[in-house]
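Chemist: Quick one: the structure is below, and I'll ask about it shortly.
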Amino acid sequence: MTTTPAIQVLDVTKRFGERTVLDAVRLDVHEGETLVILGGSGSGKSTMLRLMIGNIKPSSGDILVWGKSLNKMTEDELNTYRKSIGVLFQSGALFNSMTVFDNVALPMREHTRSDEETIRIQVLMKLEMVGLLDAARRMPSELSGGMKKRAGLARALAMDPKILFYDEPSAGLDPVTSHEIDLLMMKLNKLLGVTSVVVTHEMDSAFRIADRMVLLDRGKFVASGTVDEMKHSTDPLVHQFINGEAEGPLTERRREGHYVDELLGDI
Amino acid sequence: MNFLLRPIFFVTSGITEFLVTAGAISNLLFDSARSARRSLFSKQGRRLGWANLWLQMVRVGVRSIPIVSLVLFCIGAILALQMSPVLASFGQQQLVPDIISIAIFRELGPLVSAIVLTGFAGASIAAEIGSMVVSEEIEALEAHAIEPVRFLVVPRVFATTVMMVCLAVVGSLAGVIGGLVVARFALGMGMRQYVVHTFDVLLARDFITGLIKAGVFGAIISALACHLGLRVTGGAQGVGVATTRTVVLTIVSLIAVDLLFTTVFYAIGW
C-alpha cells in the first residue's frame, strides 16, 4: 500500500433538491486495496459510487483521482478517466440487445483500433477469467443472476482497468453464488492488482473481500477500519449494523422519528 | 378564486412544458449533429457508428415499408372514391388523379407516413431507451466512456430522418397506385390517362416540399422519442408513460409543424 491515495474524497456534499444525501464526507482509497463502503438502504452509498465514477457531480467538495480533480475535468478528460476504471452495476447492466460476447467487446470496439480477431481473443480471455466462456453467444435474457454479474464483471475488465467499482455485487444472489462472486472478485484483485471500491450491505460478503471498511449512515461516514477493527468495534451503531440486530440505535432512531409530524402533516 | 386560476395555471404550465420540451429537443438535435462527425467519421467511432446506423435504418425504415404502403394505398383509394361523385357532379371526374397526386405528394404521403412511423418506430425507440435507463444500461454506457447521445441518439435520428424521406416517396407512390386502382376498376378511367394526368400536374416543387417535410418529421419523431426515453424515471410504469407521451406529443407536433410548413410554402408561393 502506498501513501498516495488513488482516490481522495474531499468534503463532498451531494444534495438532490432539498434532500442532503451526502454531507461533507472525506475518504481515501489507497492504491491496490479493497475498500468496502457499508451502509443501509438510502444511506448514500450508491450516490458515493456514482460520484466517484464521475456520473454525477458533487454539490460541493471535490474528488481527486490520482491527484486529478474530477470537478475540473473536461468531458474528454472524464472519458479518459472512465476508460481506466471498470464498474460492475447492481443488475449487471448488460446491454440486452447484444450477446455476452458483444457486451464485452463493446468498449474495445469503441475505444481501441484493434482488429476483430484481436478483440475476439481478448474478449474470450476476459470471459475465461470470469468462468463464462461457454455463454459467449448467449443473450443476457438467457443468463441467471450470477452469470449476469460475471458477464458484467468481464465487461468491466474489458479495458484492463486500474480501479474497479462494484455496486452491490451480492444483491439478489443466493449465498453460494454470492460466495462464488466474492471469490472471483478476490481472485481478480490479486491477479490484476487493481484498486477496488465495493458498495454493499451484505456483511458476509464484506468481511470476505475487504481490506478496509467504512460505514456510511445518513450521508456521513460514522466508522472506518479493518475487518477486525470493525468486528470488535464498541460503537453501538456499528455493532448493530454488522451483526444485523433488530434492536439498537439504528432502529430506535427510526421508531423515534417524527412519526407524529408525518402522521399529522401540516395540520 | 381557485376555479378561476386553474385554467390560467393549466394554460401557462402547458406553454412552459411545450417550450421546455421544444428547447430540449433542439438541444438534443444540436448535440446529435455535433456528435455525428465523431460517430460516423472518426477512426474510433465509425466502426460501431455505421453498424448502428445500418441496424436502425433497417429497423425503422425497411420494416415500416409494408405498413406505410398499405395505409397510403388505402388512403389513395379512399380519396378517389370520396372525390369521384363530387367531381362527377361538376363533370370533372378526370381531375381525380390530379387532386390525388397533389394531395398525396405534398401533404398526405409525408404526414401519414410520419404518423404511422410514430406508432411503429417512435414508440419503440422511446420504450427501448426508457428500458435501458431503468436497467442502468445508460449509466453503464457513460461509465464505459461511451456518450449515450453519440451511441444511441445519433444513429436513431439519422436513420429515422433518412428513412422517413424514403418512406414518404414509397408511401406517396403507394397512395397514387391506390387511387389508380380505384379509378381504373371502379370509375372506369383508363390507366394511361391516370398516369399521364398524374405526371402532368405534379411539379418538382410538390415533390420537394413533401420531402423537406418528411425529413423534418423524421427528425421530430426520433428526437422526441429519444428525449422522452432518456428521461424515464420510475421503472416499468415510467416506460409506459414515456411511450404514450411520445406517441401523443409526436402526432401533435407533426401536425403543428405541418401547418407551419404549409403556411410558409403557401406564403412563398410554393
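Chemist: I'm trying to understand the selection: among the residues of region A:28-46, which are within 14 Å of residue A:210 (Cβ to Cβ) and assigned to a strand (DSSP E or B)?
Modeler: Those that are within 14 Å of residue A:210 (Cβ to Cβ) and assigned to a strand (DSSP E or B): A:29, A:30, A:34, A:35, A:36, A:37, A:38, A:39.
Chemist: Going residue by residue through region A:231-248, is there one that turns out to be in contact (Cβ under 8 Å) with a residue 12 or more places away in the chain, assigned to a strand (DSSP E or B) and crowded, with 16+ Cβ neighbours inside 10 Å?
Modeler: No, that holds for no residue.
Chemist: If only one of B:169, B:162, B:176, B:154 is closer than 26 Å to residue B:252 by Cβ, surrounded by 20 or more Cβ atoms within 10 Å (Cβ to Cβ) and not hydroxyl-bearing (Ser, Thr, Tyr), which one is it?
Modeler: Unique residue meeting the criteria: B:154.
Chemist: Among helices (runs of 4 or more DSSP H) lying entirely in region A:75-150, which contain 3 or more residues that are more than 10 Å from chain B (Cβ to nearest Cβ) and without any contact (Cβ under 8 Å) to a residue 40 or more places away in the chain?
Modeler: A:116-129
Chemist: Turning to a different aspect of this structure: Looking at A:49, A:64, which one is in contact with a strand residue (DSSP E or B) (Cβ under 8 Å, 6 or more places away or on another chain) and either crowded, with 22+ Cβ neighbours inside 10 Å or within 11 Å of another protein chain (Cβ to nearest Cβ) (or both)?
Modeler: Just a single option satisfies the conditions, and that option is A:49.
Chemist: Moving on. May I ask you to verify whether residue B:251 is surrounded by fewer than 24 Cβ atoms within 10 Å (Cβ to Cβ), within 10 Å of the chain's Cα centre (by Cα) and in contact (Cβ under 8 Å) with a residue 60 or more places away in the chain?
Modeler: Yes: the conditions hold for residue B:251.
Chemist: Now, a different point. For region A:154-213, how many residues meet the condition of being more than 14 Å from chain B (Cβ to nearest Cβ), part of a strand (DSSP E or B) and touching a Phe, Trp or Tyr at 6+ places or on another chain (Cβ under 8 Å)?
Modeler: Here the count works out to 3.
Chemist: OK, next. Restricting attention to region A:36-45, does a residue exist that is closer than 17 Å to residue A:168 by Cβ, of a type in the set (S, T, N, Q), surrounded by 14 or more Cβ atoms within 10 Å (Cβ to Cβ) and in contact with a strand residue (DSSP E or B) (Cβ under 8 Å, 6 or more places away or on another chain)?
Modeler: Yes, region A:36-45 has at least one match.
Chemist: Okay, moving on. Considering only region B:110-132, state which residues are in contact with a Gly (Cβ under 7 Å, 6 or more places away or on another chain) and farther than 21 Å from residue B:158 by Cβ.
Modeler: Across region B:110-132, the qualifying residue is only B:112.
Chemist: Still on this model: Of the conditions (1) within 14 Å of another protein chain (Cβ to nearest Cβ); (2) outside any helix (DSSP H, G or I), residue B:139 satisfies every one except a single condition; which number is it?
Modeler: Going through the list (1) within 14 Å of another protein chain (Cβ to nearest Cβ); (2) outside any helix (DSSP H, G or I), residue B:139 breaks only (2).
Chemist: Here is a follow-up. Take the conditions under 30 Å from residue A:223 (Cβ atoms) and loosely packed, with under 14 Cβ neighbours inside 10 Å and apply them to residue A:69. Does it pass?
Modeler: yes
Chemist: Among the residues of region B:230-270, write down those that are outside any helix (DSSP H, G or I) and within 30 Å of residue B:136 (Cα to Cα).
Modeler: Selection gives B:231, B:232, B:233, B:234.
Chemist: On to the next question. Restricting to region B:113-136, give me the number of residues that are buried (at least 22 other Cβ atoms within 10 Å of the Cβ), away from chain A (no Cβ under 14 Å) and either touching a Leu at 6+ places or on another chain (Cβ under 8 Å) or at pLDDT 95 or above (or both).
Modeler: Going through region B:113-136 one residue at a time, the tally reaches 6.
Chemist: From the list A:75, A:110, which residue is more than 21 Å from the chain's Cα centre (by Cα) and surrounded by fewer than 19 Cβ atoms within 10 Å (Cβ to Cβ)?
Modeler: Sole residue among the options that is more than 21 Å from the chain's Cα centre (by Cα) and surrounded by fewer than 19 Cβ atoms within 10 Å (Cβ to Cβ): A:75.
Chemist: Quick one: which residue in B:51, B:36, B:24 is within 14 Å of chain A (Cβ to nearest Cβ) and either small (Gly, Ala, Ser) or out of contact with any strand residue (DSSP E or B) (no Cβ under 8 Å at 6 or more places or on another chain) (or both)?
Modeler: That would be B:51, the only listed residue that is within 14 Å of chain A (Cβ to nearest Cβ) and either small (Gly, Ala, Ser) or out of contact with any strand residue (DSSP E or B) (no Cβ under 8 Å at 6 or more places or on another chain) (or both).
Chemist: While we're here: Report yes if residue A:55 is within 18 Å of residue A:168 (Cα to Cα) and free of Cβ contacts under 8 Å to residues at least 60 places away in the same chain, otherwise no.
Modeler: Spelling it out, residue A:55 is indeed within 18 Å of residue A:168 (Cα to Cα) and free of Cβ contacts under 8 Å to residues at least 60 places away in the same chain.
Chemist: Consider residue B:4 carefully, then state whether it is more than 30 Å from residue B:192 (Cα to Cα) and modelled with pLDDT of 85 or more.
Modeler: no
Chemist: Taking region A:214-230 only, how many residues are in a helix (DSSP H, G or I) and out of contact with any strand residue (DSSP E or B) (no Cβ under 6 Å at 6 or more places or on another chain)?
Modeler: The qualifying residues number 3.
Chemist: Which of the numbered conditions does residue B:188 fail, given that it passes all the others? Conditions: (1) outside any helix (DSSP H, G or I); (2) modelled with pLDDT of 90 or more.
Modeler: (2)
Chemist: Restricting to region A:58-74, give me the number of residues that are more than 18 Å from residue A:159 (Cα to Cα), assigned to a strand (DSSP E or B) and either among the basic types (Lys, Arg) or in contact (Cβ under 8 Å) with a residue 40 or more places away in the chain (or both).
Modeler: Selection size over region A:58-74: 6.
The values are calculated or read from the model by the stated rules, or taken from the named source; none is laboratory data. Values in this document were obtained by computation on a predicted structure and should not be read as measured data. Note that each Cβ is placed from the backbone with ideal geometry, even for glycine, and that neighbours are counted across all protein chains shown.
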